[in-house]
Amino acid sequence: MVTLRDVARAAGVSPATASRALAAPPGGVATERRQRVLRAADDLGYRPPGVDRGGAAHRTRRLGVIVPDMENPFFSGLVKGIQHRARTAGMTVVVADADEDSALESELVDHLAPDVDGLVLCSPRMSDDALAALAARAGGPAVLLVNRDAPGLRGITVDNVDGVRQALEHLHALGHRRIAYAGGPTDSWSDHERRRGLAAVVAARPDVELVDLGHFPAVFAGGVAAADLITASGATAVLAYNDLVALGVLDRLRLRGVRVPDAVSVVGFDDVPPATQVSPALTTVALPLRLLGRTAVDALLRPAAEVTDRPPRPAPVSLVVRGSTGPRPPAVRTPDES
């Protein structure tokens, strides 16, 4: 039996590139490479999943979407954008929840691939190598990453580095110099990017002292766990990995009698609806979730002639200032002021 790896070897490309070249619609492969893959597949008699016995592509008019945690409002907003755009294109969406399990993500791809025309992987937790192998196994459907970048795969991202810069510049302008970061899961690409942004800001502003509180689950309970470390660290402000973590921080600080923002300022990331439903309302970095969803569907449906190997620019983000941030407490002095 001829496999996708046989086709890739004959065409002189990676299995991931061969998979994207054979996808319907094809994704992110230059015309010359795609033609090599198509010729190799034809010469070897390879038929990818989703092709009937007569050799005609079987279009399902369905998109598969895999998210790490459907309870997270971030992914709810993203899926709404995907569903809206898919509906206008006459397609339906099948959503699967991987429950923050990279092994389950892989199983879900294998399960959905034969029955969809495209797969959207939202913030996948898998390694780059695992993603490349997964895309190769997917065969027919195009694979697109959202809120993740990986070699050889198309991805739609947001400007995490600039989002962190905006948040820390805001806190710096309010007088905060000792700032904590409550990070996300260790396998989160977004957390890696946000830490890169933190390093860049600290390098540019030597008067800022960053307190790394560590990695926490990207849920409310993660913020509850982080809050006690914030008060013990002496930081006057904290940037949380996402809004759910920030909301957990707010609740725990309230229970401990620590006033926000009088004693500690709190900033989140994502701008999910609950950010405005607490008191004080959460200052956060807003991500264009609906736009990301629409852009993902458009990328999967884009004709082959319009697809290039050049990665798209990250989507811009913006800081939304609300009541959870304020001036540094006047009693707090930094080392250079002592």
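Readers should treat all values here as calculations from the given coordinates under stated rules, not as data from a laboratory. Just so we're clear, the structure is a prediction, and the values are computed from it rather than from any experiment. Because the Cβ atoms are built from the backbone with ideal geometry, glycine has one as well, and the counts that use them run over all protein chains shown.
Brief remarks on what is shown
- Fewest-first sequence of 236, 92 by Cβ atoms within 10 Å of each Cβ: 92, 236
- Stretch gain in nm, segment residue 281-residue 9, where the contour uses 0.36 nm per residue and the Cα spacing is subtracted: 92.4 nm
- Charge-dipole axis of region 76-225 as Lys and Arg at +1 and Asp and Glu at -1 on Cβ define it, positive-most pick from 219, 104, 134: 219
- Membrane-span-like helices in the chain, defined purely by DSSP H runs whose alpha carbon atoms cover 30 Å or more axially and whose average Kyte-Doolittle hydropathy reaches 1.6, do not occur.
- Region 87-245: Rg to Rh, with Rh as the Kirkwood radius over Cα pairs: 1.06
- Whole-percent pair-distance distribution, where bins are 10 Å wide, for the alpha carbons of region 165-319: 10, 39, 31, 13, 6, 1, 0
- Label-point separation in nm, residue 130 to residue 30, each point 7 Å along Cα→Cβ: 3.2 nm
- Fraction in percent of alpha-carbon pairs per bin - 5 Å, region 152-254: 3, 14, 24, 24, 21, 10, 3, 2, 1, 0
- By the count of neighbouring beta-carbon atoms within 10 Å, fewest first, 85, 39 end up ordered 39, 85.
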